[in-house]
Every structure is written in C-alpha cells, then in structure tokens.
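Quick notes on the structure that follows.
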Amino acid sequence: MEKPVLLSVVICSYNRRDYITGAMDSLYRQTLDREDYEVIVVDNNSKDDTEARCREYMGTHPEARFLYLSESRQGASFARNTGAALAQGELLVFMDDDAVAAPDFLEKIVAFYRSHPKAGGLGGRIVPRYIPSEPGWMSPYVSSLVGNFDYSPVPVEFSPQRYPLESNMVVRKSDFDSVGGFNTNLPGVKGTLRIGGEGKEFFFKLKTLGRTIWYDPAIRVEHVVEVKKLTREYLYRVASGIGRGESVRTKAAGKGAYYRKIAEYLYKLGGSLVLGLLYVLRGKSARALPVIRFRIDALRGLTDNRR
C-alpha cells in the first residue's frame with residue numbers, strides 16, 4: 001500500500017512548454033521524501049506541446065508521484081479547482097507553471113504547519129528571475145505585475161487586507177472545500193481578457209471562517225520573467241485584469257462597494273502621479289510612466305463591462 005501523501009502540489013499550465021518541466025523538476029528535487037507529496041499538472045487547453053513535454057518528463061521519472069490531466073474550461077480557477085478535487089494530500093500547494101521551487105520548499109511548508117497547527121492559509125516569497133536581466137524601468141511599484149512578492153522578512157500573520165499570491169499559496173484541503181474553491185467568475189486568463197483577483201477573494205472568504213493566514217519568507221519560489229515579453233500590451237492585460245477582478249468582486253457586494261473601489265483607484269492614481277514626478281526629479285524618468293500606466297490600466301479594467 002502506498003504511503004498517504006502530506007501535500008498535493010497543483011500546477012495549472014497554459015502554453016508553457018519551455019518552462020513546465022523546469023517547474024516539475026524543481027519539485028522532483030525536493031528535500032522532502034518523495035513519498036510524502038504528489039504533483040498534479042492540469043493542462044488548461046494548451047496549444048503547444050505542453051502535454052508531450054509533461055508526459056516525457058513523467059516517463060523518465062516514474063518513481064515520483066506525478067499526475068497529468070486536462071481541464072477544457074478556460075481559466076486558472078477552473079484548472080486549480082479540478083486539480084484540487086483529485087488531490088489526496090491534507091495540504092494543497094499551488095504553484096505556477098513558470099515557477100521554480102527552492103529545494104526545501106515543501107519541507108519548509110510541512111515544518112511551518114507543524115509549528116503552527118492552527119494556521120489556515122499560508123503564502124511565501126516570490127522572487128522574479130528576469131531573463132536576461134531586470135529592465136531599467138522596473139520599480140517596486142510595478143514589479144507586482146510580474147509576481148514579485150516579499151511581504152515580511154520574518155514569519156507573520158497577514159494584515160486584514162493582505163493575502164498570499166496564487167503562485168505560492170498553501171491551504172488545508174478541508175478549508176479549500178469549505179470555501180468552495182476558487183470563484184470561477186474570476187477565472188484569471190480567459191480568451192483575450194484577464195479577470196484576476198481569485199486569490200484575494202478566496203482568502204477573504206477563508207478569513208470569514210475564522211482562519212488565520214500567514215506568510216513565511218522561507219517558503220520560496222522563483223518566477224521566470226522573460227523581459228522581451230513585457231510589452232505594453234502584456235502589462236495592460238495584467239493591470240486591467242486586476243481591475244476587472246475587483247469589478248466582479250465588489251459588484252457582487254453591492255453598488256456601494258463598487259463605487260468605493262473606484263474612489264480608491266482614483267486615489268491610487270493620484271499617488272502614482274506623485275511617485276512618477278519624484279522619479280523624474282531623481283533622474284529615474286524611465287520608471288515614471290510605468291507606475292502611472294499601472295494605475296490607469298487598473299482603473300480602465302475596473303470600469304470595463306466586458307466579461
């Protein structure tokens with residue numbers, strides 16, 4: 001009889017043939033005993049040879065607990081929910097298909113929950129791996145668009161309005177089921193549109209159940225960022241997707257919540273104009289426009305009625 005798994009890692013993948021096996025390999029080379037975890041790769045309608053790459057890797061690493069499956073409904077929320085439904089572990093770990101886990105990633109997760117038995121959700125550090133190097137226009141106010149996340153230098157409970165990012169998050173499977181998984185009205189990428197915020201809504205619902213959400217910087221992944229793909233169109237899609245997700249989430253709470261969010265975004269836009277001016281005055285003008293565009297694009301997404 002196989003040993004019961006402690007953790008189930010769920011990776012949803014969409015056209016990431018060049019990176020998916022890197023993500024899988026980083027999980028294969030963990031310091032945690034391979035019998036203690038499984039890896040579930042959910043292919044979300046990839047048009048490249050992601051499937052062939054995954055199956056080839058699995059064939060050459062039969063001793064590992066890898067599972068490949070497909071989800072035809074487009075969107076990361078659908079794919080993650082499908083993977084979670086088949087998971088056998090007590091803990092669900094979500095990671096992106098272009099991420100690389102640190103060798104002790106899973107061991108650190110197990111250690112955290114053993115030392116914090118009442119913890120509900122957990123998030124870790126996400127470090128961009130720029131290829132070939134970080135662009136000169138990048139700043140801390142824009143890097144969240146490429147997954148940069150460093151909430152605290154020490155383990156700490158998230159403040160009420162903060163939460164982990166989906167590319168490095170952990171939750172008990174029982175709590176995941178209690179919340180009902182990710183909201184598929186916030187699917188992530190859907191066709192040419194991005195409707196984000198699924199992780200935010202998920203953890204806010206988890207908090208309403210009385211669960212505590214923690215951050216531990218030792219639980220670390222790197223997120224591959226190809227600088228050549230950071231086009232104006234790409235950054236608009238990500239930033240506006242944040243706004244569209246907030247539109248769906250706040251409208252479900254009522255008109256008042258939606259209009260308050262518009263006011264909040266206008267306030268942040270004003271702040272970005274000040275930041276942009278400061279960058280210009282400090283001789284870093286290349287960083288000014290991306291900061292301002294981020295807030296304009298998010299506001300455009302918030303007021304965009306396309307779904």
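Taken together, the values in this text are just the output of simple stated rules run on the coordinates, not laboratory data. What you see is a predicted model; the values in this text were computed from it and never measured. All Cβ positions, glycine included, derive from the backbone under ideal geometry; neighbour counts span all protein chains shown.
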State whether one or more residues within region 114-124 are without any contact (Cβ under 8 Å) to a residue 12 or more places away in the chain, surrounded by fewer than 21 Cβ atoms within 10 Å (Cβ to Cβ), over 26 Å from Asp33 (Cβ atoms) and out of contact with any Ser or Thr (no Cβ under 7 Å at 6 or more places or on another chain). no
Using beta carbons and a limit of 8 Å, which pairs, at least six apart or on different chains, have the first residue in region 148-165 and under 18 Å from Thr208 (Cα atoms) and the second one assigned to a strand (DSSP E or B) and polar (S, T, N, Q)? Glu157/Thr212
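Given the criterion closer than 30 Å to Val227 by Cα and either polar (S, T, N, Q) or touching a Leu at 6+ places or on another chain (Cβ under 8 Å) (or both), identify the matching residue among Ser152, Ser174. Let's see the steps before the verdict.
Working: Ser174 fails: closer than 30 Å to Val227 by Cα.
After applying the criteria, what remains is Ser152.
Within region 159-169, is there a residue that is surrounded by fewer than 17 Cβ atoms within 10 Å (Cβ to Cβ) and charged (D, E, K, R)?
Kept after step one, since they are surrounded by fewer than 17 Cβ atoms within 10 Å (Cβ to Cβ), are these residues of region 159-169: 159-162.
Right, trim to charged (D, E, K, R) and you get 162.
Within region 159-169 (the criterion being surrounded by fewer than 17 Cβ atoms within 10 Å (Cβ to Cβ) and charged (D, E, K, R)), the answer is yes, since at least one residue qualifies.
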Please go through region 25-56 and give me each residue that is within 21 Å of Leu86 (Cβ to Cβ), free of Cβ contacts under 8 Å to residues at least 60 places away in the same chain and aliphatic (A, V, I, L, M), ordered by number. Val39, Ile40, Val41, Val42
Of all residues being over 17 Å from the mean Cα position of the chain (by Cα) and among the acidic types (Asp, Glu) in region 35-52, which is nearest to Val9 (Cα to Cα)? Just the residue, please. Glu38
